[in-house]
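Asks: Just dropping this structure here.
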Amino acid sequence: GNSVTQMEGPVTLSEEAFLTINCTYTATGYPSLFWYVQYPGEGLQLLLKATKADDKGSNKGFEATYRKETTSFHLEKGSVQVSDSAVYFCALTPQAGTALIFGKGTTLSVSS
Amino acid sequence: EAGVAQSPRYKIIEKRQSVAFWCNPISGHATLYWYQQILGQGPKLLIQFQNNGVVDDSQLPKDRFSAERLKGVDSTLKIQPAKLEDSAVYLCASSPGYGSRGTDTQYFGPGTRLTVL
């Protein structure tokens, strides 16, 4: 079946550190891949997405590349800020118009 | 553009009571989703509507949960009777609908946090 596995948290970093949150997936066919972010007290927001192999999604300094050969979609940011503290969810849709399948989420805490 | 609206934001009930949640999607969005997010886990689909028809309700516990989307716009999700394990955040999301992958993005409401005592 379809599933998403992401690294367990919490991830604790100092401001300006490099961030990687690992995400791997299992899916038949050609899924679309997403990263959603949930800031404290707020709803889920789309951070970035990629719809086909080798696509790179980017937003707010975050990047993730759709790697079909390794079935991965790792989230990276070169220099994190305190305001990036949130829960990050990796997700996929098996095909267009279907529901999202989420990982368990990774809590990121950035200190100054 | 207004986002997805949900109410109430918080609800506390006793087990075996009933509860209902309301969702108003983004205007013009044909597809509406209800997800359940248990503490420490990612959201899981309960039901998906396309306009006012059900597309996927395979994970909806139909003995106690029901949902409807009248006129293809607003939607309500009901639990009757509630159990302790129903304590979770209930998220509503909408998307423009079937089509190219570029319109696949789902937009989420703030959620309703349900506590069952």
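The values are calculated or read from the model by the stated rules, or taken from the named source; none is laboratory data. Just so it is clear, the model here is predicted, and its values are computed rather than measured. Cβ coordinates were reconstructed from backbone atoms using ideal geometry, including for glycine residues, and neighbour counts include every protein chain displayed. Note: accessible area is taken over every heavy atom of the protein model, side chains too, but ligands, DNA and RNA are not part of it. Shrake-Rupley method; radii C 1.70, N 1.55, O 1.52, S 1.80 Å.
Asks: Please work out which residue is nearest to residue A:75 (Cα to Cα), limiting yourself to the range A:1-39 and to residues that are of a type in the set (Phe, Trp, Tyr) and open to solvent by 30 Å² or more (accessible area, probe 1.4 Å). Can you show your working first?
Replies: As a first pass, look at the range A:1-39 and keep what is of a type in the set (Phe, Trp, Tyr): A:18, A:25, A:30, A:34-36, A:39.
Going one step further and asking which of them are open to solvent by 30 Å² or more (accessible area, probe 1.4 Å), we end up with A:18, A:30, A:39.
Values: A:18: 11, A:30: 19, A:39: 16 Å.
Checked the range A:1-39; the qualifying residue nearest to residue A:75 (Cα to Cα) is A:18.
Asks: Checking residue B:2 against (1) open to solvent by less than 30 Å² (accessible area, probe 1.4 Å); (2) part of a loop (DSSP other than H, G, I, E, B); (3) within 14 Å of chain A (Cβ to nearest Cβ): exactly one of these is not met. Which one?
Replies: Failed condition: (1).
Asks: Moving on to the next point. Do we have any residue at all in the range B:95-109 that's open to solvent by 60 Å² or more (accessible area, probe 1.4 Å) and away from chain A (no Cβ under 14 Å)?
Replies: Scanning the range B:95-109 turns up no residue that is open to solvent by 60 Å² or more (accessible area, probe 1.4 Å) and away from chain A (no Cβ under 14 Å).
Asks: Mind listing whichever residues of the range B:23-44 are at the interface with chain A (Cβ under 7 Å from one of its Cβ atoms), assigned to a strand (DSSP E or B) and surrounded by fewer than 21 Cβ atoms within 10 Å (Cβ to Cβ)?
Replies: Across the range B:23-44, there are no qualifying residues.
Asks: From (1) open to solvent by 60 Å² or more (accessible area, probe 1.4 Å); (2) modelled with pLDDT under 95, pick out the condition that doesn't hold for residue A:93.
Replies: (1)
Asks: Let me ask you something else. Could you identify the single residue in B:56, B:86 that is open to solvent by less than 20 Å² (accessible area, probe 1.4 Å) and more than 15 Å from residue B:8 (Cα to Cα)? Lay out the reasoning, then the answer.
Replies: Numbers: B:56 fails: open to solvent by less than 20 Å² (accessible area, probe 1.4 Å).
Just one listed residue meets the conditions, B:86.
Asks: Of all residues in the range A:1-37, which are under 11 Å from the mean Cα position of the chain (by Cα), within 13 Å of another protein chain (Cβ to nearest Cβ) and among the polar types (S, T, N, Q)?
Replies: A:5, A:6
Asks: Considering only the range B:74-83, state which residues are open to solvent by 40 Å² or more (accessible area, probe 1.4 Å) and in contact with a strand residue (DSSP E or B) (Cβ under 6 Å, 6 or more places away or on another chain). Show your work before the answer.
Replies: Step one: of the range B:74-83, the residues open to solvent by 40 Å² or more (accessible area, probe 1.4 Å) are B:74, B:78, B:80-81, B:83.
Selection gives B:74, B:78.
Asks: I'm trying to understand the selection: among the residues of the range A:81-103, which are part of a loop (DSSP other than H, G, I, E, B) and among the polar types (S, T, N, Q)?
Replies: A:81, A:85, A:95, A:98
Asks: Given the conditions (1) in contact (Cβ under 8 Å) with a residue 40 or more places away in the chain; (2) within 11 Å of chain B (Cβ to nearest Cβ); (3) open to solvent by 20 Å² or more (accessible area, probe 1.4 Å); (4) touching a strand residue (DSSP E or B) at 6+ places or on another chain (Cβ under 6 Å), and given that residue A:82 satisfies all but one, which numbered condition is not satisfied?
Replies: (2)
Asks: Moving on to the next point. The conditions are (1) within 12 Å of another protein chain (Cβ to nearest Cβ); (2) open to solvent by less than 50 Å² (accessible area, probe 1.4 Å), and residue B:61 fails exactly one of them. Which is it?
Replies: Result: residue B:61 passes all but (1).
Asks: Let me ask you something else. Quick check on residue A:98: is it free of Cβ contacts under 8 Å to residues at least 60 places away in the same chain and either over 28 Å from residue B:51 (Cβ atoms) or touching a helix residue (DSSP H, G or I) at 6+ places or on another chain (Cβ under 7 Å) (or both)? Working first, answer last.
Replies: Numbers: free of Cβ contacts under 8 Å to residues at least 60 places away in the same chain: yes; either over 28 Å from residue B:51 (Cβ atoms) or touching a helix residue (DSSP H, G or I) at 6+ places or on another chain (Cβ under 7 Å) (or both): no.
When the stated conditions are applied, residue A:98 does not pass them.
Asks: Output the strands (runs of 3 or more DSSP E) that fall wholly within the range A:1-80 and possess 2 or more residues being not β-branched (Val, Ile, Thr), or say none. If you could, list the steps in order and put the result at the bottom.
Replies: On the way: elements: A:3-6, A:11-14, A:19-21, A:23-26, A:32-38, A:44-50, A:56-59, A:62-65, A:75-77.
Ranges flagged: A:3-6, A:11-14, A:23-26, A:32-38, A:44-50, A:56-59, A:62-65, A:75-77.
Asks: Pick from B:15, B:11: which is away from chain A (no Cβ under 13 Å) and closer than 29 Å to residue A:9 by Cα? Let's see the steps before the verdict.
Replies: Values: B:15 fails: closer than 29 Å to residue A:9 by Cα.
That would be B:11, the only listed residue that is away from chain A (no Cβ under 13 Å) and closer than 29 Å to residue A:9 by Cα.
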